[in-house]
1. For residues in the range 425-451 being in a helix (DSSP H, G or I) and of a type in the set (Val, Ile, Thr), which is surrounded by the fewest Cβ atoms within 10 Å (Cβ to Cβ)?
2. Scan the range 321-340 and report the pairs whose first residue is charged (D, E, K, R) and whose second residue is more than 12 Å from the ligand (Cβ to nearest atom), with Cβ atoms within less than 9 Å and a gap of 6+ or a chain change.
3. Any idea how many residues of the range 426-462 are under 22 Å from the mean Cα position of the chain (by Cα) and acidic (Asp, Glu)?
4. Taking Met230, is it touching a helix residue (DSSP H, G or I) at 6+ places or on another chain (Cβ under 7 Å), crowded, with 19+ Cβ neighbours inside 10 Å and under 17 Å from Leu33 (Cβ atoms)?
5. Kindly list the number of the only condition in (1) surrounded by 14 or more Cβ atoms within 10 Å (Cβ to Cβ); (2) over 26 Å from Leu85 (Cα atoms) that fails for Ser215.
6. Residues that are of a type in the set (A, V, I, L, M, F, W, C) and modelled with pLDDT under 95: which helices (runs of 4 or more DSSP H) entirely in the range 11-67 hold 2 or more of them?
7. Return yes when Trp100 is buried (at least 21 other Cβ atoms within 10 Å of the Cβ), in contact (Cβ under 8 Å) with a residue 12 or more places away in the chain and aromatic (Phe, Trp, Tyr) and no when it is not.
Amino acid sequence: MAEQQAALTAQTWTHRWTFVLAAAGSAIGLGNLWKFPYITGVNGGGAFVLVYLICIAVIGLPIMMAETALGRHGRHSPIVSMRELARESGVSKWWGAVGWLGALTGFLILSFYSVVAGWAIDYTLQMFSGTFQGMSAAEIGSNFDSMLANPVQLTLWHSIFMLLTGLVIARGVHKGLESGVRVMMPALMALLLVVLIYSATSSGHFMEGLSFLFSFHPEDLSWDAVLAAMGHAFFTLSLGMCAIMAYGAYMPKKASIARTASSVVLLDTAIALMAGMAIFPLVFANGMEPGAGPGLLFVTLTSAFVSLPGGQMIGGLFFLLVVLAALSSAISLVEPTVAWVVERFSIGRAAATVAYCILVWLFGLGTVFSFNEWSGESAQLFGMTFFEFIDYLTANITLPLGGLLIAVFAGWTMKRSHIYKELNIPLGAFNLWRAMCRVVAPICVLTIFYFSTIEEPLMELLGITGK
Ligand code: PFF
């Protein structure tokens, strides 16, 4: 074990920025660009956004710090780290289950993530080849629908994305990730800014878009929406499934966890809000429904790119960056599990990756069919399509549950002196962080779980309505 520890420690990233880049690469992805705008639309706008922002600050940031600290203290793959940390703290080795839950969640998320990233590959190619030129917003909308209706096309792009993910993982995460993310992030921000400026100046509906995003109407808020907002805070920051813990294991001892975690949280939130501010004015300008669903990003932005001078190139580049952002997130969904398989069994990294990717690919076919063959009611699970069910289960249940356990472990179980040394922040800030992990975050998660999954459905069942 000591040798293994030394080998892993020798692998630490040499620069503080590498952790920020890797964690930001994991956090920033389809969650910010595709999912945030679409679920904000479905959940009615401003009130949902406010809850999401509160969850980011109150639950997200403290848990991001906790996950990073556990990873760096454990210095192994999450499953092994959690077991070792439990032993060090004198509690049951069953805490290792947090790592298992994370591995399962990563598997499930990647299965639909890859299908959606596949849509972005399709759109990158269609954009560059000029397919959309001269199309109206309605025609662009039906183009999107016909893509979803075609399982062969969806399977092809899903396969290509899984192949790309597998290739990067098999070669080792460190090579390429740093330089890739370093170029991708500023480029993504710059192009988002272009769309945002276009939206502000040409859509004629900028204020309407902003008001949808930021005006608070508490009557719009159901417990279901609150659960979705909290779940999304976990999803967008890649928290609760040990992805950040796996990266934390490579973080140099002297880097500041509080500073790096805050940078990642700020960057991630800024990108999501920019995407929302760019998209909603276009939604209203094109007469679309904010709650139109998963096609929102694709249809609105494509309509904007079509009328933008040079839009074919800018649009192609934008969707290419969406694919790359999805890729750097996908890597972090796989890494905790592959790291564990390689550490635990004497299997090569490449073989572990191939086997894992084939399984995810197969499972992902369920999401492919959710948009066509299995879109009917007869194929639904709890009133949801397969895709909606997997998305709900992971974002709203297993990620918050994993995050809750991580917060409790860091706040209650781990030796105070160990975690204090890891975080290395002034005592007042440390006590505040600890109170967040011990009390505030668990109470928030449990309250939201209770009202959204027990109280509200029960009331509905009894015929007592009310938000
Ligand atoms: N945070 C990613 C996104 O917003 O697209 C998705 C994700 C990646 C979730 C890694 C969870 C994770 F562990």
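1. Here is the first cut: in the range 425-451, the ones in a helix (DSSP H, G or I) are 427-451.
Imposing the further condition that a residue be of a type in the set (Val, Ile, Thr) reduces the set to 439-440, 443, 445, 447-448.
Values: Val439: 13, Val440: 16, Ile443: 10, Val445: 24, Thr447: 14, Ile448: 22.
For the range 425-451, the residue satisfying everything is Ile443.
2. What qualifies is Glu335/Ser77; Glu335/Ile169; Glu335/Val173.
3. Result for the range 426-462: 0.
4. No: the conditions fail for Met230.
5. Failed condition: (1).
6. Working: elements: 16-27, 36-42, 46-55.
Answer list for the range 11-67: 16-27.
7. When the stated conditions are applied, Trp100 does not pass them.
Residues are listed down the side, and each one gets a yes or a no for (1) more than 16 Å from the ligand (Cβ to nearest atom); (2) under 30 Å from Arg83 (Cβ atoms); (3) surrounded by fewer than 19 Cβ atoms within 10 Å (Cβ to Cβ):
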{"position": "Leu324", "(1), (2), (3)": "no, no, no"}
{"position": "Ser328", "(1), (2), (3)": "no, yes, no"}
{"position": "Ile331", "(1), (2), (3)": "no, yes, no"}
{"position": "Phe345", "(1), (2), (3)": "yes, yes, yes"}
{"position": "Leu359", "(1), (2), (3)": "yes, yes, yes"}
{"position": "Leu362", "(1), (2), (3)": "yes, yes, yes"}
{"position": "Phe371", "(1), (2), (3)": "yes, no, no"}
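The values are calculated or read from the model by the stated rules, or taken from the named source; none is laboratory data. Since we're looking at a predicted model, the values are computed, not measured. So basically every Cβ, Gly included, is an ideal-geometry build from the backbone, and we count neighbours across all protein chains shown.
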